[in-house]
Amino acid sequence: MSITKPNIVVIGGGTGMPVLLKGLKHLPINLTSIVTVADDGGSSGKLRLIKNAPAPGDIRNVLAALADEESTLAKLFQYRFNDENELAGHAIGNMVLVALSEMTGDFHAGIEEISKLLEVKGTVLPIVNESVSLYAEMSDGSIINGESKIPIVNKKINRVFLNEVNLKPAKNVLKVIEEADLIVI
C-alpha cells in the first residue's frame, strides 16, 4: 500500500515565508508556494519600473529558501551588489528572473527554468503573471499606491486592492489550491 504525500500550499510573501519554507522543504510533502509579486521597493521596485515585470524579490527569496542553501548557485542568486552605481542594491536573482521572463516570454516559465537550475524542492508559482500595484484605502478615505508606502502613512487601513481590474491568477494557482490538503497563509 502506497501512502500519498499531503499537498501543502503556502500563500504569501515577505520575510516570513522563506523561513517557513526552509523548515517545510525537508518534510515528506508535496510543497507549493504561491508568492506575491506586488513589491515596489528596492531592487524589485526598480526592475518593475524599468522592465514592467512582476516584482521578482519575494519569488527570489522563496526559490533560494527551497534550493540547496550550500550551493554556489543559490548563494550567487541571493548576492546583492553593494557598489555606488546603477547596480547598487540589485540582487543577481532578481535580474536573472526578469531576464528569464524575457527569454521565455513568460514570468511563470522563467521561474520554472530557474527552479530546475537551483534544484528547488517544491513548486513556486507567482500569484499573477504580470506587474501589479498594491493600493490601500485608509480610514480617512485617502488611497495609497505602493506596498512600501502603505505602512509609512501610519493610518488604519479599510481595505487593500490591486490596480488591475481583469487580473487572473497565474497558471496552476487555482488548481493547486483546490487540490491542497492544507493551506498556510
Placing +1 at every Lys and Arg Cβ and -1 at every Asp and Glu Cβ, with all other atoms neutral, what dipole size does the chain have around its Cα centre, in debye to the nearest 20?
-> 300
Given H placed on each backbone N at 1.01 Å, which residues far from Thr123 in sequence or on other chains put an amide H within less than 5 Å of it?
-> Leu31, Thr32, Ser33
Got a sec to turn the phi values of segment 137-154 into Karplus ³J(HN,Hα) couplings, 6.51 cos²θ - 1.76 cosθ + 1.60 with θ = phi - 60°, whole Hz, x for Gly and Pro?
-> 9, 8, 4, 8, x, 5, 10, 10, 9, x, 4, 6, 8, 4, x, 5, 6, 6
Once volume of the Cα convex hull per residue in Å³ is worked out from the coordinates, which option in (1) 174; (2) 141; (3) 132 does it equal?
-> (2)
Quick one: of Lys25/Lys51; Lys75/Lys175; Lys116/Lys171; Lys46/Lys75; Lys121/Lys171, which pairs are farther than 29 Å apart, Cα to Cα?
-> Lys25/Lys51; Lys75/Lys175
Selection from Leu134, Asn158, Pro169 lying farthest towards where the dipole of the chain points positive, charges on Cβ | Asn158
Please turn the phi angles of segment 91-96 into ³J(HN,Hα) values with the Karplus equation 6.51 cos²θ - 1.76 cosθ + 1.60 (θ = phi - 60°), one per residue in order, whole Hz, x for glycine and proline.
-> 8, 3, x, 4, 5, 5
Net charge near Gly146, counting Lys/Arg +1 and Asp/Glu -1 over other residues with Cβ under 14 Å of its Cβ?
-> -1
Which longest uninterrupted range of the chain lacks any GluC sites (Glu not before Pro) assigned by DSSP to a loop state (not H, G, I, E or B) and surrounded by at most 12 other Cβ atoms within 10 Å?
-> 1-68
Sites Leu49 and Glu178, calculated FRET efficiency, Cβ-Cβ separation with R0 30 Å, nearest 0.05 = 0.30
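Each value in this text was obtained by applying a stated rule to the coordinates, not by laboratory testing. Keep in mind it's a predicted model, so treat the numbers as computed, not measured. Cβ atoms come from the backbone with ideal geometry, glycine included; neighbour counts cover every protein chain shown.
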